[in-house]
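Contents: one structure, followed by commentary.
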Amino acid sequence: MRPLLLLLSAVLVAACSTPGTGPRAAASDASEGVVGVAQHLRVERLVSGLRGPTQMIVGPDDRLWIAQLAGGENAGTGQVVAVDPDGGAQEVLLDGLDKPTGIAWLDGALWIATPTVLLRAEGNPPGTPEVVLDGLPNNGRSNGTLTVTPERRLLFETSGRERDDEPWTGRVRCGCSIPPLRTSPSGWRPG
């Protein structure tokens, strides 16, 4: 697991680096373009052929789980795929999702953020997703990402609006390990 996290860190560093700043090694052939990498790191391609990846996590099986659009933005063909870090083999875990923009693993279930719904699919591999929250605001394109905190709480980020320029101020209550939350101009906070 640690080598995978180090590899992901290297990829993030490479992806976030700006050419011409800081110490750089020679261009890597790990991508179609030139990638600037700090000299003590290396970049290597783990997987190719993804179609619109939106978020990735390390799954409970130590594979990289990736949410992707897998088609046109409004096609309803979104997927969660698992990628073997040793060989790059891919397995579709879930498909037919509406724009999965966020995924997280918490309490034995995969959580999935879509434009207006928060889903939960129990088990490894995940079973059929069930709606946990419905009618969530969104920006017309996506909903946001999911993050599990060190305290084992699920953070849900959205750029949604309830109507026009008014921020969403509804309360979120869930019969799960997520504490009640409410929104405010300064963000999410316990309800």
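Worth pointing out:
- Those residues of segment 75-98 which are of a type in the set (A, V, I, L, M) and either in contact with a Ser or Thr (Cβ under 9 Å, 6 or more places away or on another chain) or surrounded by 15 or more Cβ atoms within 10 Å (Cβ to Cβ) (or both), in sequence order: V80, V81, A82, V83, L93, L94, L97
- Contact map, segment 140-160: first residue of a type in the set (D, E, K, R), second residue assigned to a strand (DSSP E or B) and modelled with pLDDT of 80 or more, Cβ cut-off under 7 Å, separation 6 or more or different chains; pairs are R152/L106.
- The one condition from (1) among the acidic types (D, E); (2) modelled with pLDDT under 90; (3) at positive phi that D29 does not meet is (3).
- Any hit, segment 35-46, residues being surrounded by 17 or more Cβ atoms within 10 Å (Cβ to Cβ), in contact with a Ser or Thr (Cβ under 9 Å, 6 or more places away or on another chain), of a type in the set (G, A, S) and modelled with pLDDT under 85: yes
- Segment 125-150 - residue that is polar (S, T, N, Q) and touching a Leu at 6+ places or on another chain (Cβ under 8 Å) and, of those, surrounded by the fewest Cβ atoms within 10 Å (Cβ to Cβ): T149
- Exactly one residue out of G71, G96 is over 16 Å from the mean Cα position of the chain (by Cα), modelled with pLDDT of 95 or more and of a type in the set (G, A, S): that is G96.
- Restricting the first member to segment 114-129 and to residues that are of a type in the set (S, T, N, Q), and the second to residues that are buried (at least 16 other Cβ atoms within 10 Å of the Cβ) and in a loop (DSSP other than H, G, I, E, B), the beta-carbon pairs closer than 6 Å and six or more apart or on different chains are T114/D98; T114/K99; T114/P100; T116/L136.
- Residue in segment 138-175 that is modelled with the lowest pLDDT, counting only those that are assigned to a strand (DSSP E or B) and under 28 Å from V58 (Cα atoms): V172
- Looking only at residues in segment 109-124 that are under 17 Å from the mean Cα position of the chain (by Cα) and part of a loop (DSSP other than H, G, I, E, B), the one that is modelled with the lowest pLDDT is T116.
The values are calculated or read from the model by the stated rules, or taken from the named source; none is laboratory data. Note that the coordinates shown come from a computational prediction; the quantities given were computed from them, not determined experimentally. Here Cβ is always computed from backbone atoms with ideal geometry, including for glycine, and neighbour counts include all displayed protein chains.
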